[in-house]
Amino acid sequence: MEPVRAVKGMNDVLPAEMPAWHLVEERFRALAEAYSYREVRTPVVEPTALFARSIGETTDIVEKEMYSFVDKGDEALTLRPEGTASSVRAYIQHSAWAEGPVTRWYYLGPMYRRERPQKGRYRQFYQLGVEVYGDPGPHVDAEMIDMAVRLLEGLGIRRVTVELNSLGGPGTRVAYRDALSGFLSPSREALCPDCRRRLEHNPLRVLDCKVPTCRQIAAGAPRITDHLTAEDRSHLDGLRRMLDRLGTPHVLEPRLVRGLDYYTRTLFEIKEEGGELGSQNTLVGGGRYDGLVESLGGPPTAAIGFAAGIERLVLSLPDGSANPIRPAVSVVSTGSATLDPAVVAARDLRLGGIATDIDTRGSSLKSQLRRSDKLGARFALIVGEDELSRGRAALRDLGTKEQVEVPLSKPEIVDAVRTAMEKTT
Ligand code: HAM
């Protein structure tokens, strides 16, 4: 029979890859908590309307990429393509604003987009992200961008560029949209079919098209930064000043647009230079969305956030960043008479906080010792009949091959192994 395979673009992450994943996740958690963020977990499935109303009806994500279905109760549901919409829904549903004027949430989890899979782009991928509600910026904008850069730096990902833009408030966007439509309309026929449609509904998206002729046409387009109001401009200037003060280099990229419609003012992406990700080198994307909470039924609330793809961060880690997990001790029994006490000793070591492996199948001594080496254990605890009769076992350092006798009783065994571990480190 043909074995069943995983869905295209959805990956298994096998144990050998996990140390790198854990490194990224643990660094992120620690950093987010140091910045006063608290974790939120929302469902993977949400009402389809949530994403249509937030990400935008005419975005690629909503038009083409969502995993949507009608469940047995006739509800239109969607696997979340990103975390911001769910987070805003939860913020409103639980009246989180009542707990204080500023709310800082972080999250980690799988997201789903039916994109064309390639390196760094998958149909199920994991994001880590943060959102701040209730602070209109610009200091928090700078703090957040700086935090993202420090996260990457802490992971050893140093060759990055921060691209920054401002979309202005809703008024600016409307004026810019008109200016852009006016500029693009005469070239309508030369645009790709997608962009001809975008021109009607969402001309800003033309700036993000990858088709060469569209890029060429878009290159001469008016810049949104020339349409900013005085308030938008001073917000952007304030953000840049604070970034300078925090020592975070950045470039203004007036053509930066992103694939989600909820953004206002600050928009940013952090790209890796010269890594192996090729065209999928955007590690972090984020921005301000001051109108979204209100438009989804909450009180007017300024908001900003970012998300990063965990697979991309893992691919960008320098070689040797994460160490394979190894047991400290491998418990070895010399025959059927010593297997019972060996299993007890392994349990006692484990509960004493010492990572311990044991082959419980009653394999030969030779094969058990081979396994100890293969797992990279530092010590073998050899439970032999002779030593056992005296209530003891042999602790062998698998590096130096030195061997000492240790008591098998609890807690002496844990203390003895700890002492040996301290000696060798
Ligand atoms: P996004 O730019 O769509 O923004 O995604 C953020 C990051 O998720 C990307 O920079 C990339 O690293 C990763 N990513 C996106 N799609 C894929 C994919 N198909 N495969 C692998 N990785 C992917 C958002 O999702 C916004 N919610 C960010 C945000 C938070 N804005 C405000 N708050």
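Checking residue 133 against (1) modelled with pLDDT of 95 or more; (2) within 15 Å of residue 258 (Cβ to Cβ), which single condition isn't satisfied?
(2)
Return the only residue of 292, 267, 277, 256 being closer than 20 Å to residue 202 by Cβ and at pLDDT below 95.
Only one candidate qualifies: 256.
If I filter region 93-105 for residues that are more than 11 Å from the ligand (Cβ to nearest atom), under 24 Å from residue 298 (Cα atoms), in a strand (DSSP E or B) and touching a strand residue (DSSP E or B) at 6+ places or on another chain (Cβ under 9 Å), do I get at least one hit?
Looking for residues that are more than 11 Å from the ligand (Cβ to nearest atom), under 24 Å from residue 298 (Cα atoms), in a strand (DSSP E or B) and touching a strand residue (DSSP E or B) at 6+ places or on another chain (Cβ under 9 Å), one finds at least one in region 93-105, hence yes.
Could you please give the count of residues in region 56-92 that are within 13 Å of the ligand (Cβ to nearest atom), at pLDDT 95 or above and in a loop (DSSP other than H, G, I, E, B)?
5
Would you confirm whether any residue within region 214-230 is under 28 Å from the mean Cα position of the chain (by Cα) and either assigned to a helix (DSSP H, G or I) or of a type outside the set (Lys, Arg) (or both)?
no
Determine, yes or no, whether residue 318 is over 22 Å from residue 124 (Cβ atoms), part of a loop (DSSP other than H, G, I, E, B) and either in contact with a Phe, Trp or Tyr (Cβ under 7 Å, 6 or more places away or on another chain) or hydroxyl-bearing (Ser, Thr, Tyr) (or both).
Against the criterion (over 22 Å from residue 124 (Cβ atoms), part of a loop (DSSP other than H, G, I, E, B) and either in contact with a Phe, Trp or Tyr (Cβ under 7 Å, 6 or more places away or on another chain) or hydroxyl-bearing (Ser, Thr, Tyr) (or both)), residue 318 does not qualify.
Answer yes if at least one residue in region 266-289 is over 23 Å from the mean Cα position of the chain (by Cα), more than 10 Å from the ligand (Cβ to nearest atom) and not acidic (Asp, Glu), and no otherwise.
no
Is there a residue in region 258-277 that is open to solvent by 60 Å² or more (accessible area, probe 1.4 Å) and β-branched (Val, Ile, Thr)?
No, because not a single residue in region 258-277 is open to solvent by 60 Å² or more (accessible area, probe 1.4 Å) and β-branched (Val, Ile, Thr).
Just the residues that are crowded, with 23+ Cβ neighbours inside 10 Å and either over 19 Å from residue 39 (Cα atoms) or outside the structural domain of residue 256 (by TED's automatic domain parsing) (or both), please, taken from region 124-141.
138, 141
Out of the residues in region 372-425 that are without any contact (Cβ under 8 Å) to a residue 40 or more places away in the chain and among the polar types (S, T, N, Q), state the one that is farthest from residue 15 (Cα to Cα).
Applying the filter and picking the extreme gives 389.
If residue 370 satisfies every condition in (1) of a type in the set (Lys, Arg); (2) within 14 Å of residue 406 (Cα to Cα); (3) under 44 Å from the mean Cα position of the chain (by Cα) but one, which is the exception?
Going through the list (1) of a type in the set (Lys, Arg); (2) within 14 Å of residue 406 (Cα to Cα); (3) under 44 Å from the mean Cα position of the chain (by Cα), residue 370 breaks only (2).
Go through region 301-314 and give me each residue that's within 18 Å of residue 26 (Cβ to Cβ) and outside any strand (DSSP E or B).
310, 311, 312, 313, 314
Of 121, 89, 41, which residue is over 29 Å from residue 198 (Cβ atoms), in the same structural domain as residue 243 (by TED's automatic domain parsing) and of a type outside the set (Gly, Ala, Ser)?
41
With the checklist (1) part of a helix (DSSP H, G or I); (2) surrounded by fewer than 22 Cβ atoms within 10 Å (Cβ to Cβ); (3) β-branched (Val, Ile, Thr); (4) at pLDDT 95 or above in hand, flag the one item residue 161 doesn't pass.
With (1) part of a helix (DSSP H, G or I); (2) surrounded by fewer than 22 Cβ atoms within 10 Å (Cβ to Cβ); (3) β-branched (Val, Ile, Thr); (4) at pLDDT 95 or above applied to residue 161, the lone miss is (1).
Given the conditions (1) crowded, with 18+ Cβ neighbours inside 10 Å; (2) under 23 Å from the mean Cα position of the chain (by Cα), report the number of the one that residue 27 does not fulfil.
That leaves (1) as the condition not met.
What about residue 40, is it touching a residue at least 12 places away in the same chain (Cβ under 8 Å) and open to solvent by less than 60 Å² (accessible area, probe 1.4 Å)?
Here the answer is yes, as residue 40 does meet what is asked.
The values are calculated or read from the model by the stated rules, or taken from the named source; none is laboratory data. Fair warning: this is a prediction, and the values are worked out from it, not measured in the lab. FYI the Cβ positions are ideal-geometry reconstructions off the backbone, even for glycines, and counts take in every protein chain you see. Please note that ligands, DNA and RNA were not included when accessible areas were found on the heavy atoms of the full protein model with its side chains. Shrake-Rupley method; radii C 1.70, N 1.55, O 1.52, S 1.80 Å.
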